[in-house]
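Please treat every number below as a calculation from the coordinates, not as lab data. Everything quoted here is computed from the prediction, not taken from an experiment. Reconstructed Cβ throughout: ideal geometry from the backbone, glycine too, with neighbour counts over all protein chains shown.
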Amino acid sequence: MPKIADIQETPNPNAVKFILREPVSHGTSHQFESIETAKEDELANAIFKIGNVVSVFYMDKMITVEKNDEVDWDEALPLLAVPIRAAEAVSNGNGTAASAVGGAIAAAANGDPQIAEIDALLDERIRPYLASDGGWLEILSLEDKKLKIRYQGACGS
């Protein structure tokens, strides 16, 4: 059961980042945009069941929750803390292929040296800043010099 070490605001006023003392995943990102997409994920499903939740993103020792405008953070935070504290560590992904996961996993799964170089640059210069704001970035593809990415967490909205 992870303990909440800190709760931080993000640039998105409807999203907060919970910093945990123990990980809820190990190197894999988990993004859910609705309770329907989270039905197989115990943690995300429990967070959505609180109500007024728009999205849930988590990886390692971070959970980012985005809410709608119907509820204030003063009301939502104590309710969200309950399923977050009850969470168990998760070590597998949310059903996406390894190539859809950001970081070194994507580069290794893809085998394309250009993507590996881009991914290393993202790991060094971009992802740390996104993570500090409760978000993440994953590479989806590189086609005809066009890089497709997906923002996750607070950055995804």
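Observations on the model:
- Given +1 at the Cβ of Lys and Arg, -1 at the Cβ of Asp and Glu and no other charges, the dipole of region 1-93 around its Cα centre is 340 debye to the nearest 20.
- Here residue 49 is the anchor, and the aspartates and glutamates within straight C-alpha reach of less than 16 Å, apart from those fewer than 8 places off in the same chain, are 33, 36, 40, 41, 66, 70, 75.
- Cα-based shape type of region 1-74, given that a ≥ b ≥ c are square roots of the gyration tensor eigenvalues and the cut on a/c is 1.5: oblate
- Amide H partners (placed H, <5 Å) of residue 60, local residues excluded: 24, 25, 26, 27, 28
- Net charge over other residues, Cβ less than 13 angstrom from the Cβ of residue 75 (K, R count +1; D, E count -1): -3
- Extending 7 Å from Cα along the Cβ direction at residue 26 and again at residue 150 yields two label points whose distance is 2.3 nm.
- With 20 Å as the limit on Cα-Cα distance, the pairs of 17/61; 17/67; 39/67 all stay inside it.
- If the segment from residue 75 to residue 117 were pulled out straight at 0.36 nm per residue, it would be longer than the present Cα-Cα gap by 10.7 nm.
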